[in-house]
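Shown next, in structure tokens, is the structure this report addresses.
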Amino acid sequence: MSLQDQLIKDRLPSHVAIIMDGNGRWAKKRGNSRVFGHKHGVTAVREVTETSAELGIEYLTLYAFSTENWSRPKTEVDALMSLLVSTISSETKTLMKNNVKLNAIGCKENLPSGVQKRLNECIDKTSGNTGLTLTLALSYSSRWEILEAIKKIVIEVEDKQFDISQLDDEAFGSYLATQGMPDPELMIRTSGEHRISNFLLWQLAYSELYFCDILWPDFRREDYYRALIDYQGRERRFGKTGDQIK
Ligand code: FPP
């Protein structure tokens with residue numbers, strides 16, 4: 001049976017989050033610059049986006065550039081920003097064809113104006129699409145997001161627009177950048193690193209975590225199927241006992 005056939009179609013996650021890691025090592029192994037790895041990483045981005053859309057997964061969130069990535073060498077940061085502009089421009093057609101809606105989370109004001117412009121254009125153009133929502137986490141870190149939420153809540157409490165006694169999991173989630181999205185049921189990280197790296201710390205509370213050794217530019221649809229099959233074999237307990245779940 002093929003990997004695709006092994007998937008149980010009505011037990012797919014509604015939201016998959018991915019830490020795309022290993023571009024630099026992939027390039028180094030080939031005696032090339034790190035930027036070469038990022039460029040090849042775009043193929044894997046296209047592959048997981050198309051596969052998610054085909055499978056009917058509702059949300060795919062990709063960690064494309066963290067707050068901490070700003071401290072990389074300027075040449076690499078500049079190249080990544082140019083790559084974002086060119087990829088968003090060239091892929092808008094594919095997003096339209098696949099009924100994908102683009103979204104972005106993170107401190108967008110910190111992105112160069114060219115990136116903000118292309119991003120906003122693509123978000124506008126795809127806003128009526130009803131299939132997969134593809135969210136790019138850009139200049140994003142979870143601690144930044146949580147602190148921003150706390151600041152908003154404090155202001156609203158001071159202005160008497162929000163009653164602090166109403167603050168629970170759901171209310172707090174509505175102040176996060178991911179408001180309106182379900183929490184990811186599955187988080188995938190490539191390249192053999194076993195860390196969360198400041199990604200969706202609140203939202204990953206009950207997510208299944210899947211780590212694989214493949215470097216991101218090599219990640220293909222079959223590798224994605226493997227992660228989904230592994231997820232489908234897990235028992236999600238949410239703090240209950242196995243018997244309670246059955
Ligand atoms: C991590 O690998 C990857 C990134 C920081 C950037 C991810 C960017 C892309 C895949 C390309 C563009 C993306 C979009 C959405 C258009 P790393 O550089 O940390 O690799 P290393 O751990 O091997 O050094």
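The values are calculated or read from the model by the stated rules, or taken from the named source; none is laboratory data. What you see is a predicted model, and the numbers here were worked out from it, not measured in a lab. So basically every Cβ, Gly included, is an ideal-geometry build from the backbone, and we count neighbours across all protein chains shown. When the accessible area is computed, the model is the full protein with side chains, heavy atoms only, and any ligands, DNA or RNA have been set aside. Shrake-Rupley method; radii C 1.70, N 1.55, O 1.52, S 1.80 Å.
Details
- Centroid-to-centroid separation of region 93-143 and region 191-246 [C-alpha atoms, Å]: 24
- Semi-axes of the equivalent ellipsoid for the chain, computed as √(5λ) from the eigenvalues of its C-alpha gyration tensor and ordered from largest down, come to 27, 25, 18 Å.
- The chain: most fluctuating residue of Asp168, Asp124, Asp21 per GNM, C-alpha cutoff 10 Å: Asp168
- Solvent-accessible surface ranking, highest first, for Ile123, Ile19 at 1.4 angstrom: Ile123, Ile19
- At full extension, Thr94 and Phe172 could sit 24.6 nm farther apart than now, given 0.36 nm per residue minus the alpha carbon distance.
- Whole-number accessible area per residue in Å² for the chain, which is evaluated in the context of all protein chains at 1.4 Å: 52
- Extended-chain gain in nm, criterion 0.36 nm per residue less alpha-carbon gap, Asp78 and Asp218: 48.1 nm
- Where labels lie 7 Å past Cα in the beta-carbon direction, separation of Ile196 and Thr130 in nm: 3.6
- Taking the protein heavy atoms of region 1-135 in the context of the full set of protein chains, the accessible area attributed to carbon and sulfur is 51 percent at 1.4 Å.
- Over the chain: helical MRE at 222 nm, DSSP H runs n ≥ 4 each giving -39500 (n - 2.57), nearest 500: -14000 deg cm²/dmol
- If you plug the beta carbon distance of Cys107 and Asp243 into 1/(1 + (r/R0)^6) with R0 = 30 Å, you get a FRET efficiency near 0.10.
- Remark: accessible surface ordering of Met20, Met1, Met81 (largest first) is Met1, Met20, Met81, probe radius 1.4 Å.
- Separation of the Ser33 and Trp70 label points, Cα + 7 Å toward Cβ, nm: 2.3
- Computed extension gain for Gln116 through Ile150, at 0.36 nm per residue and net of the alpha carbon distance, reaches 9.7 nm.
- Two-site label geometry, Ile164 and Gln6: point separation in nm, points 7 Å out along Cα→Cβ: 5.2
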